[in-house]
Structure formats: structure tokens, C-alpha cells
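Taking it in order: structure first as C-alpha cells, then the write-up.
The values are calculated or read from the model by the stated rules, or taken from the named source; none is laboratory data. Because the structure is predicted, anything quoted here is derived from the model rather than measured. No Cβ is skipped: glycine too gets one built from the backbone with ideal geometry, and neighbour counts run over all protein chains shown. These area figures cover heavy atoms from the full protein model, side chains too; ligands, DNA and RNA do not enter into them. Shrake-Rupley method; radii C 1.70, N 1.55, O 1.52, S 1.80 Å.
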Amino acid sequence: MADDGGLKPKPAETDPLSDDIKPIKNATALVSEAKRGKRVDKPKKAHLLQWMEITVTEPEKKTIASMKMQDTFVVYLIETRVTDENMQGYGEGATSVWRRYTEFELLRNYLDVTFPSVIVPPLPEKKASYAWQNVSMDRFDPDFIERRRAGLEIFLLRCAAHPRLCQDKIFMGFLHQEQGWRDTVNATDFYSKAESRLKALNAQFRLKNHDRRFEELKNYCTELQSNIGNILKIRARLCDKLYGIHKVHGNYARVFNEWSAIEKEIAEHLQSASHYMDVYSATIDAELEEEEQYADQLKEYYAFGDSVRAVCRRYECAQYDLEKAEEGLVNKSCQREALKLAIAESPVSEENNGQGKGGFSLSGVKTKLFGGDTPEQREIRLKQLDEQIVQAEAELKNVQVESQEFIEFALRDIDRFQRQKTKDLQEIFTNYAVMQIKQCKKGIAIWTSAKDCFSKM
């Protein structure tokens with residue numbers, strides 16, 4: 001990961017961004033990050049998951065007819081329940097609200113624009129990617145909808161565990177506001193604050209001073225996505241081969257069963273062996289479905305690469321604004337110095353012109369052709385430039401403060417993301433290895449039973 005310039009996380013009491021959440025499998029028990037509470041009589045709460053449970057359940061397919069067309073979509077039930085007796089709403093039961101996937105997209109777009117220095121968690125994919133051949137590509141497939149439900153729940157839990165995102169009123173409204181939430185989001189006019197694509201391109205190619213940490217981070221995201229993509233491709237090829245190998249064992253079952261019809265003495269044992277081969281052939285379906293869960297978790301970190309890269313692009317835009325402000329101030333200062341020099345030289349020029357001693361000069365020709373500024377006009381222009389320079393200095397100072405704050409917040413959030421990523425990947429690969437071991441043990445147990453059948457012949 002990119003070097004954060006020696007920036008070290010502060011203790012939890014002073015830096016709520018420095019703490020982590022638990023790995024995604026145990027997302028409902030995300031680690032707390034202490035922060036001073038607004039009310040003295042309540043315990044300090046850094047994020048929602050310290051006092052609230054959030055679940056996404058009961059995906060439901062709906063169809064709405066409009067303008068002689070049918071709009072089919074899936075809605076998800078978001079339930080929240082206060083778990084801390086010291087917080088308002090405790091004991092009142094769970095609240096619930098239905099949301100479409102497009103509303104999740106709107107929420108994420110809003111958070112992405114409103115918190116430019118935050119690595120906003122990604123949403124689960126809209127259509128299956130890196131899939132093996134027997135995975136359904138239908139977005140209304142029950143298995144795909146269930147995996148998306150789990151991904152949407154993880155998205156909300158990650159946002160609720162973030163000390164800045166969880167305090168946003170729009171996010172809280174998404175969890176509770178049943179009517180009018182979309183209008184509330186649109187009323188913020190957040191799209192007008194988004195950086196244009198043209199500005200992002202200008203910032204990328206015209207920056208003079210690049211921050212090495214963000215440049216390295218962009219390269220890291222490219223390599224991270226490349227490695228995860230390769231793993232997902234390998235895993236898809238393995239699934240295809242494993243599925244074929246296991247299903248071919250069903251041929252063993254068929255042959256043993258047919259064979260038992262002509263062998264009276266060992267018929268029972270051949271039929272038992274046939275049964276175990278059928279069992280072995282059928283185990284692959286559940287095993288590969290379980291593997292899809294780990295694939296989805298890796299896909300989340302593939303999408304995280306785009307989220308981190310977006311923060312880097314916004315840094316480039318902020319740096320581009322800073323350099324433009326500096327350049328504008330320098331230009332105004334140069335104009336003022338040139339005008340001061342012209343004012344200082346003007347009495348001498350007039351005296352020389354009056355005595356007829358002036359030599360040929362381009363400025364003199366221009367004056368003869370177009371006329372020259374009077375001393376009063378130059379003084380007015382000088383005063384205007386002084387005012388513009390004062391304004392440019394104030395703007396530059398504001399841009400410098402905003403740029404510095406952006407860098408500090410971004411680097412702290414990047415550090416938080418790095419530590420969380422390490423924990424999550426450790427759990428993903430460890431659990432994947434455990435799953436493979438269980439599958440191997442199950443296969444050994446089945447073949448051991450088949451061996452016992454053969455030994456009793």
C-alpha cells in the first residue's frame with residue numbers, strides 16, 4: 001500500500017477513524033470506535049453498531065405496471081433495533097423499511113459525493129461476474145438474490161461502522177424514513193457538487209506536483225484488482241473441473257447398480273457402493289454454492305479498488321484547484337508589478353516626449369496609434385489589482401486549508417481501510433481453506449465407506 005507519510009493512527013479516544021471493524025463474516029459485532037457523545041448522561045458512542053442492530057432480510061420480487069410496460073424488481077426489508085438501554089428507542093421493537101437496489105445506489109452516490117475523502121464501501125454486483133458455467137446469470141435467480149441480500153447487508157454494516165458516514169442524516173433516513181426519502185436526497189442537490197469527468201482528466205494530466213503516496217495507492221489498486229481477478233478466474237475454472245469430476249462419479253453409481261443385477265453374491269455390496277458414488281456426485285452442488293460466498297467477499301474487495309481509486313482522483317482535483325489558485329495569484333502579482341513599473345516610468349517618458357529626445361519604441365508607437373492610459377486610469381487599475389490579489393490570497397488560503405484537511409482525512413481513512421482489508425482477507429482465505437479441508441474429509445469418508453463395501457465382497 002502507499003506510504004502514508006509517517007501518519008500514525010491516534011488512540012481511539014481522540015481519533016475515531018483509527019479503529020477497525022471486525023471481519024465481514026461477523027459484521028454485526030464490529031469493533032467499537034470511541035468518540036465523545038453529545039449528551040453527558042449517555043455512554044460514548046462512535047458508530048451505530050454500538051447501539052443498533054441492522055439486518056437486510058426477506059428479498060421480495062415485485063412487478064409494477066406503468067405506461068403499458070411492466071417494471072419488475074426486487075425489494076429488500078431493512079430492519080433496525082436499538083440494543084442499548086441508554087439510547088432512545090430501546091424496547092420499542094424493530095423498525096422496518098423496504099428498499100430497492102436503485103435506492104442503495106442513490107445512497108452510495110450521495111455518500112461518495114458528500115464525503116470525498118472517505119472510501120465509501122461498494123455495493124454488491126448487479127450481474128454475476130467471474131462465474132463458472134453452471135451459475136445462473138439471471139438477476140432474479142433466488143441464489144443470486146440471496147447473495148446480493150447478504151452483500152447489501154454488509155454494505156449497510158460497513159457504513160454504520162464508519163464514524164463519519166454513520167452520522168449522516170440521509171444515511172439515518174435510509175434506515176428509517178419510509179416515505180419521501182428519495183426526494184430528501186435529491187433536495188440536497190449533491191450531484192452539483194460532484195467533480196466533472198473533464199476536470200478529473202485535466203487534474204490527472206496537468207498536475208505539476210504529484211503526491212507520491214496517492215500515486216502509489218493508484219498503482220496498488222490496479223495490482224490488487226489484477227490479483228483478485230486472477231484468483232476469481234482460477235477459481236471459476238476449478239469449479240468447472242470439479243463439477244465435471246464429481247458428476248462423472250455418477251457413472252460409477254450407474255455401472256455398479258447395473259452390475260449388481262448379474263452378481264447374486266455381491267449384489268448388495270455393489271448397490272451400496274453405487275449409493276455412495278451417488279452421494280459423492282451430489283455433494284459438489286452444496287460445496288460450490290458455499291464457495292460462491294467466498295467469491296462474493298473477494299469481489300467486494302475488487303470493487304473496493306475502484307472506491308480507493310476514486311479518493312485518489314478527488315485528491316488530484318483538489319491539488320489541481322490548489323495549483324490553479326497559486327497560478328492565478330502569481331499572474332495577478334506579475335500584472336501589478338508590471339503596472340507599478342509602467343507608472344514609475346511614465347513621468348520620464350512624458351518628459352522625453354515633450355523635449356523631443358525620445359527614441360523609437362514599440363510602446364511609443366502603440367501610444368501614438370491607440371493612445372495611452374492616463375495616470376488616473378493606471379491608478380484605478382492598480383487599485384483593482386490590489387483588491388483582486390487580496391481576494392486571490394484569501395481564496396488560496398481557503399483552498400490550502402481544504403486540501404490539507406482532505407489529505408489528512410483521506411490518509412487516515414486509507415490506513416483504516418488497509419487494516420480492515422488485512423483482517424477480512426485473512427478470514428476469507430482461512431475459512432476457504434477450512435471449507436476445502438471439510439470437503440476433502442467428506443470425500444475421504446465417502447470413499448472409506450465404499451471401500452468397506454468392496455472389502456465385504
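Scaled against 2.2 N^0.38 Å for its residue count N, the alpha carbon radius of gyration of segment 396-457 is 2.53. The string of couplings for segment 158-173 from the Karplus curve (6.51, -1.76, 1.60, θ = phi - 60°) is 5, 5, 5, 8, 7, x, 9, 5, 5, 8, 6, 5, 5, 5, 4, x Hz, one whole number per residue in order, with x for Gly and Pro.
When Y191, Y243 are compared by accessible surface with a 1.4 Å probe, the order from highest to lowest is Y191, Y243.
With a 1.4 Å probe rolled over the protein heavy atoms of all chains, the accessible area of R254, R182 falls in the order R254, R182, largest first. For segment 79-114, the list of GluC sites (Glu not before Pro) that fall in a loop by DSSP and count at most 10 other C-beta atoms within 10 angstrom reads E85, E92.
When the surface is traced with a 1.4 Å probe over the full set of protein chains, W98 keeps roughly 90 Å² accessible. Taking every DSSP bridge with both residues inside segment 46-202, close to 100 percent are antiparallel.
At a 1.4 Å probe, what is the % contribution of carbon and sulfur to the accessible area of segment 46-202? Ligands and nucleic acids excluded, carbon and sulfur give 48 percent.
Relative contact order for segment 46-202: 25 percent, from Cα pairs under 8 Å spaced at least 6 residues apart, divided by residue count. A probe of 1.4 angstrom, applied to the heavy atoms of all protein chains, finds I262 with accessible area near 130 square angstrom. Shown for segment 46-202 is the translational diffusion coefficient from the Stokes-Einstein equation, using the Kirkwood radius over Cα pairs, a temperature of 25 °C and a viscosity of 0.890 mPa s: 141 µm²/s. Only protein heavy atoms count here; on that basis, with a 1.4 Å probe, D386 has an accessible area of about 60 Å². Note on exposure: H176, H246 ranked by accessible area (1.4 Å probe, complete protein assembly) read H176, H246, with the most exposed listed first. The alpha-carbon of K299 sits under 13 angstrom from the alpha-carbons of these aspartates and glutamates, leaving out residues fewer than 8 places away in its chain: E125, E291, D424. Look at where the Cα atoms of segment 247-300 and of segment 408-457 average out, and the two centres are 22 Å apart.
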